[in-house]
Amino acid sequence: MIVGLTGGIGSGKSAAGKYFELNDITVIDADQLAKEALDIGSQGYDQAIEYFTSSILNDADHIDRSKLRAEIFDDTDKKLQLESIVHPIVRDLMFSKISASMSPYSIVMVPLIFESQSMNSYDRILVVDCDESLQLVRASLRDSSPKELIKKIIQSQCSREERLSIANDVLPNNDTLDSLHTRVEKLHHFYLGMCKND
């Protein structure tokens with residue numbers, strides 16, 4: 001069984017993913033795979049430089065993700081071009097990791113399931129949900145980013161209602177990490193039960 005774990009920026013996807021990993025569940029982070037897709041020496045790296053030029057590199061010749069983000073943020077064509085480079089590589093990496101997984105089910109952390117309309121790629125969709133005010137605080141603390149930028153990112157993502165509309169399961173995350181951990185434990189046992197019944 002493949003569970004797509006999604007949620008807006010700062011909602012707590014990574015924290016939830018870590019708690020599933022504590023139960024020896026394979027957790028695949030699509031954002032991490034997207035970074036790997038642009039690593040030095042990779043096909044994605046070469047294609048990105050060819051299109052965006054060396055202006056997106058840092059002093060060590062790695063792709064500077066903040067420069068790349070700024071480059072595509074308000075430019076749909078550039079964003080689509082980057083997606084056409086990264087998405088096929090991420091898909092292949094994801095497939096090989098799922099195939100190699102030995103756990104009863106796998107979690108795939110994907111920020112933009114609703115936006116990419118990729119709901120059919122998963123057996124279940126789990127949405128980590130929290131108030132927008134908390135998203136702002138958490139994301140700006142984590143990334144040391146100004147709140148205005150985080151607000152822009154939240155506005156560029158689908159609405160909370162849209163995200164919840166595709167959920168099979170909802171993981172509320174408006175309080176403590178301990179509470180989140182307890183909720184993940186309950187879901188883990190629920191998913192194990194589903195796997196046994198398959």
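I'd like the distance between the alpha-carbon centres of the range 1-49 and the range 100-154, rounded to an integer number of Å.
Centre-to-centre (Cα) distance: 10 Å.
By average Cβ neighbour count within 10 Å, what is the ranking of 164-177, 5-18, 107-120 from highest down? Walk me through the numbers on the way to the answer.
Numbers: 164-177: 15.2, 5-18: 22.2, 107-120: 18.4.
Output ranking for 164-177, 5-18, 107-120: 5-18, 107-120, 164-177.
How would the range 25-184 be classified by its alpha-carbon gyration tensor: rounded, prolate or oblate, with rounded meaning a/c under 1.5 and the a/b versus b/c comparison settling the rest? Can you show the working numbers first?
Numbers: a/c = 1.84, a/b = 1.29, b/c = 1.42.
Oblate.
Return the calculated 222 nm mean residue ellipticity for the chain, to the nearest 500 deg cm²/dmol, obtained by summing -39500 (n - 2.57) across DSSP H runs with n ≥ 4 and dividing by the residue count.
Mean residue ellipticity, 222 nm, calculated: -17000 deg cm²/dmol.
Which percent, nearest 5, of DSSP beta bridges in the chain are antiparallel? If you can, show how the numbers build up before the last one.
Numbers: 1 of 17 bridges.
Taking every DSSP beta bridge within the chain, about 5 percent pair in antiparallel fashion.
Rounded if a/c is under 1.5, else prolate if a/b beats b/c, else oblate: with a ≥ b ≥ c from the C-alpha gyration tensor eigenvalues square-rooted, which is the range 108-177?
Numbers: a/c = 2.19, a/b = 1.56, b/c = 1.40.
Prolate is the answer for the range 108-177, as a/c is 1.5 or above and a/b outweighs b/c.
Take 94, 1 and order them by how many other Cβ atoms sit within 10 Å, fewest up front.
Working: 94 19, 1 15.
Fewest-to-most Cβ neighbours within 10 Å comes out as 1, 94.
Please label the shape of the range 1-47 as rounded, prolate or oblate, based on the square roots a ≥ b ≥ c of the eigenvalues of the alpha-carbon gyration tensor (a/c under 1.5 means rounded; beyond that, a/b larger than b/c means prolate, else oblate). Please report the intermediate quantities before stating the final value.
Numbers: a/c = 2.72, a/b = 1.95, b/c = 1.39.
The shape class here is prolate.
Once the piece of chain linking residue 101 and residue 179 is laid out straight, how much longer is it, given 0.36 nm per residue of separation minus the C-alpha distance between them? If you can, show how the numbers build up before the last one.
Details: separation 78, 0.36 × 78 = 28.08 nm, distance 2.77 nm.
Computed gain between residue 101 and residue 179 is 25.3 nm.
Could you grab the relative contact order for the chain? Cα pairs under 8 Å, six or more apart, rounded to a whole percent.
Numbers: 256 pairs, mean separation 74.0, N = 198.
Normalised by residue count, the contact order of the chain is 37 percent.
Which FRET efficiency value, to the nearest 0.05, is calculated for residue 123 and residue 15 with the Förster distance at 30 angstrom and r the Cβ-Cβ distance? Mind dumping the intermediate values first?
Values: r = 23 Å, r/R0 = 0.75.
Efficiency, from the Cβ-Cβ distance: 0.85.
What are the membrane-span-like helices in the chain by this rule: whole DSSP H runs, Cα extent along the axis at least 18 Å, mean Kyte-Doolittle hydropathy at least -1.0? List each step's numbers first, then the result.
Working: long enough: 76-100 (35 Å, 0.07); 177-197 (30 Å, -0.43).
Sorted by number, the helices that extend far enough and score high enough are 76-100, 177-197.
If r is the Cβ-Cβ distance from residue 55 to residue 155 and R0 is 22 Å, what FRET efficiency results, to the nearest 0.05? Could the numbers behind the result be given before it?
Values: r = 26 Å, r/R0 = 1.20.
After rounding to 0.05, the efficiency reads 0.25.
Be a star and scan the range 183-198 for residues whose amide nitrogen sits under 15 Å from the point 7 Å along the Cα-to-Cβ vector of residue 24.
What the label zone holds, given the 15 Å backbone N cut-off, is 189, 192.
Run the numbers for residue 91 and residue 115: contour at 0.36 nm per residue of separation, minus the present Cα-Cα distance, in nm. Could the numbers behind the result be given before it?
Working: separation 24, 0.36 × 24 = 8.64 nm, distance 1.62 nm.
Roughly 7.0 nm would be gained on extension.
Any read-out appearing in this document is the output of simple, stated calculations on the displayed coordinates, not a laboratory observation. No experiment lies behind these values; they were computed from the predicted model shown. Counting neighbours? That spans all protein chains shown, and the Cβs are built from the backbone with ideal geometry, glycine included.
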